[in-house]
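Heads up: the structure comes next, in structure tokens.
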Amino acid sequence: MPKDNLSKRDPRYDILFEPVRIGPVTAKNRFYQVPHCNGGGYRDPSAVVEMRRVKAEGGWGVIFTEQVELHPTSEITPFIELRLWEDQDIPALARMAEAMKSQGALAGVELAYSGVNGSNLYSKEVPRGPMNAPILTFYKDPVSTRAMDKEDIRDLRRWHRDAYLRAKRAGYDIIELYGAHGFGILQHFLSPLTNQRSDEYGGSLENRARLFRELISEAKDAVGDTMAIAVRLSLHEMGGLENAEVRDVIEMHRDLPDLWDMGHGTWEDCSGPSRFTGEGAQESLVSGIKKLTDKPVVGVGRFTSPDAMVSQIKRGVLDFIGAARPSIADPFIPRKIDEGRVEDIRECIGCNICVTGDMTMSISRCTQNPTFMEEWRKGWHPEKMNARGESGTVLVIGAGPAGLEATRAAARRGYEVALAEAGTELGGRVRLESKLPGLATWGRVRDYRAHQIGQMPNVNVYFDSSLSAQDVLDFGFEHVAVATGSIWRRDGVARHNLVPIRMDAAMPVFTPDDLMAGKPPDGGEVVLYDDDHYYMGGVLAELLVRNGARVTLVTPSNLVSEWTLNTLEQRRIQAKMIELGVTIVTAHGVGAVGAKGVTLDCAYTGRTREIACDAVVMVTARLPNDALWQELKARESEWAGAGIKSIKRIGDAEAPAPIAWATYAGHRFARELDTVPEDGAIPFRREVTELAPME
Ligand code: ADP
Ligand code: SF4
């Protein structure tokens, strides 16, 4: 991006805005939005189109699709990505390319043949891979690949060629072949684990790389005059294609692809959560690769700091700053750096809630950016709010993530906003949770909003202001958001026990609120009962061990922190518990709490057994802290007389959920002020499959 006279860019960051050549095309700067899923894919193409268009507006030099399946003999149902199987798939892909290119970015398409990672549950085709082997998927689908023979390999090459030509017709500038994260056929052939063939496609690295050479050369022949051909590889595969061999592959083919996009091991490694990996975590694995090739190298690392980015470029580690999650949390990172607004960057917190949209085949959310995937569905833009409606004043009660986002977004619309907080600091649950082991980065949810609110003359924050219903009626703000949060239950109720359990008052019972308030059990034997299944149980077990307790973690699930399968953290959490010496009891609930221990019941047989302990920590369910809301609701007839047009409860005060749900609720509250929903209309746009004509 040439620096114009109006640019307030810090000259230290100029290097990030240098154009970089990629084969026959040139990126306008070094910001490279690597392929990332979003839970929308072929089911919600227009939602994906507008999400990518916002990134174009945000100044990215290169913008990619998510993985695009190129043939029905390899698809990854139930996951929802994109497809380029035949000509009728071109229009959706073309609309995406047009959106990506709308502000001068290069449009990239990531083509994937999933091989051992595609179960073909939808197409019902027999999966193909380098050898006969069980499919390797999250769900351990009980199907296998058949070993590809020479004819299959010829077919595979032809299908790739068809996809290259279709990608060109769809208007893309870059094709990236997916060979990372264990998800792409390039890696399956390169790896000595998934390729144990004895023909010229197996054995030596030279042989295992044969398909790699063929596919890239044929891409260059087919479309390489106008399109760049890139590859996405993993920097290591535990026990298989290790970093040293990856370097050999690159050196052997140093000028073959036009660009090397380096992922980091498995998807779990590459999208490492902040609880386990910091910014720039792949540096040691990617360092030195640039010396093995003349072509540009892209790497990721949850980069949100322009100084860290500049350092990567200046030290010759990377040519492009690759980003998926940082571009989700803030699609405007490049523009904010360019405009000298670094402090306005909404930094990714590394929670991986965005990943859960893909893992649950729903549609992604982002904790930091509530507009993600709502650009088309709701017409929400991450940087622009709708104009203020007819009223002028808003009172937000509670400064947790819901209240903070409601305040920020309503003030951006132009309302006069008062934020009343019972305590003396901003942040609510985020303030407390960010002090727990591994969760410091989560404080960014508060920090971004506190900074923004601090700049706004139309926001007034009142601390030590625990409001009553009478206060709210006396103040007479036109709109009120009750964002008073939630409290953890002490009575054992969650999923396994739907009614309160028997408890002997002699046993000290704690909740996460007690521990976060700095009142933990005094060491000894502690049973932590996790019927919540997200992060809190594992995090508090770690805290208790650090405090000197001997911890037994009991959960009715078969896994510790089971829902974190969706955030790609589960394996690391369970490993951490084992390493910390936590005794893990799975498939058991706590059915009763006695004076000297707890009674466990087997989740399968109901058989009971006793274990002794000195204290119990209940990580079960939360209840809305909604007394204020209930009182206001009971006095609804007085609202109009007090000048109040609406009162809504939002976030955890309405129904407890992860932080991303709270920021979304806060944002939605602000967007919908002074709007009246159309009778019977659903609150978002959706795309309905067009019916094919009946034969
Ligand atoms: P959410 O996740 O929905 O944003 P939090 O629990 O993080 O909710 O935040 C709720 C905030 O509301 C806390 O900071 C709490 O101190 C504050 N709060 C609770 N009740 C009141 C009240 N009556 N008046 C003002 N602030 C309140
Ligand atoms: Fe980052 Fe969390 Fe947003 Fe994903 S959901 S982009 S990890 S803040």
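The values are calculated or read from the model by the stated rules, or taken from the named source; none is laboratory data. Quick caveat: nothing in here was measured; it's all calculated off a predicted structure. Every residue, glycine as well, gets a Cβ built from its backbone with ideal geometry; the counts of neighbours run over all protein chains shown. The accessibility values were calculated without ligands, DNA or RNA, using every heavy atom of the protein model including side chains. Shrake-Rupley method; radii C 1.70, N 1.55, O 1.52, S 1.80 Å.
Okay, here's what the table says:
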read-out	value
Rounded Å value of the spacing that divides the Cα centres of the stretch 29-99 and the stretch 144-187	16 Å
In nm, spacing of pseudo-spin labels at Tyr604 and Ala505 (7 Å Cα→C-beta vector)	4.0 nm
Computed over the stretch 1-156, Cα set: Rg, Dmax in Å	19.1, 62
Other-chain or far-sequence residues with amide H under 5 Å of Arg622's (modelled H)	Arg489
Within the chain, helix-based [θ] at 222 nm, where runs of 4 or more DSSP H residues each add -39,500 (n - 2.57), nearest 500	-8000 deg cm²/dmol
Net charge over other residues, Cβ less than 10 angstrom from the Cβ of Ala228 (K, R count +1; D, E count -1)	0
Rounded accessible area of Arg30 (nearest 10 Å², 1.4 Å probe)	30 Å²
Share of carbon and sulfur in the accessible heavy-atom surface of the chain [1.4 Å probe, %]	51 percent
Point-to-point label distance, Ala595-Ser102, nm (Cα→Cβ direction, 7 Å offset)	7.1 nm
R0 of 51 Å, Cβ-Cβ distance Thr424-Glu151: FRET efficiency to nearest 0.05	0.10
Estimated inter-spin distance, Ala517 and Val342, nm [label 7 Å along Cα→Cβ]	4.1 nm
Antiparallel content of DSSP bridges confined to the chain, in %, to 5	20 percent
Descending semi-axes in whole angstrom, ellipsoid equivalent of the chain, from the Cα gyration tensor	44, 33, 23
Prolate/oblate/rounded label for the stretch 511-611 (Cα gyration tensor, a/c 1.5)	oblate
Cleavage-rule hits (GluC sites (Glu not before Pro)) in the stretch 417-477: DSSP loop, at most 15 neighbouring Cβ within 10 angstrom	Glu425
In the stretch 23-121, GluC sites (Glu not before Pro) in a DSSP loop with at most 12 other beta-carbon atoms within 10 Å	Glu86
Solvent-accessible area of Ser468 with every protein chain in place, 1.4 Å probe, in Å² to the nearest 10	40 Å²
For Pro19, net neighbour charge (Lys/Arg +1, Asp/Glu -1) across residues whose Cβ lies under 10 Å away	+2
For the chain: relative contact order, % (alpha-carbon pairs under 8 angstrom, 6 or more apart)	12 percent
Antiparallel bridges, percent of DSSP beta bridges restricted to the stretch 491-621 (to nearest 5)	35 percent
Label-reachable residues, the stretch 283-310, where backbone N falls under 19 Å from a point 7 Å from Arg21's Cα toward its Cβ	290-298
Using alpha carbons only: equivalent-ellipsoid semi-axes of the stretch 637-679, gyration tensor based, whole Å	23, 14, 8
For the stretch 491-621: accessible area per residue (Å², 1.4 Å)	42 Å²
Per-bin percent of Cα-Cα distances, the stretch 65-224 [5 Å]	2, 10, 19, 22, 20, 14, 8, 4, 1, 0
Most to least accessible of Glu268, Glu176 (protein chains only, probe 1.4 Å)	Glu268, Glu176
J(HN,Hα) series, the stretch 70-81, from Karplus relation 6.51 cos²θ - 1.76 cosθ + 1.60, nearest Hz, glycine and proline x	9, 7, x, 7, 7, 9, 10, 3, x, 6, 10, 10
The stretch 348-353 - phi-based ³J(HN,Hα) in whole Hz, Karplus 6.51/-1.76/1.60, Gly and Pro as x	4, 9, x, 8, 6, 5
Accessible-area value, Asp248, 1.4 Å probe, nucleic acids and ligands omitted, Å²	70 Å²
For the stretch 119-263, accessible area per residue (1.4 Å probe, heavy atoms of protein chains only), Å²	39 Å²
The stretch 312-323 - phi-based ³J(HN,Hα) in whole Hz, Karplus 6.51/-1.76/1.60, Gly and Pro as x	4, 6, 5, 7, x, 7, 9, 9, 10, 8, x, 8
Amide H contacts of Ala592 (H built 1.01 Å from N, under 5 Å, at least 5 apart or other chain)	Thr599
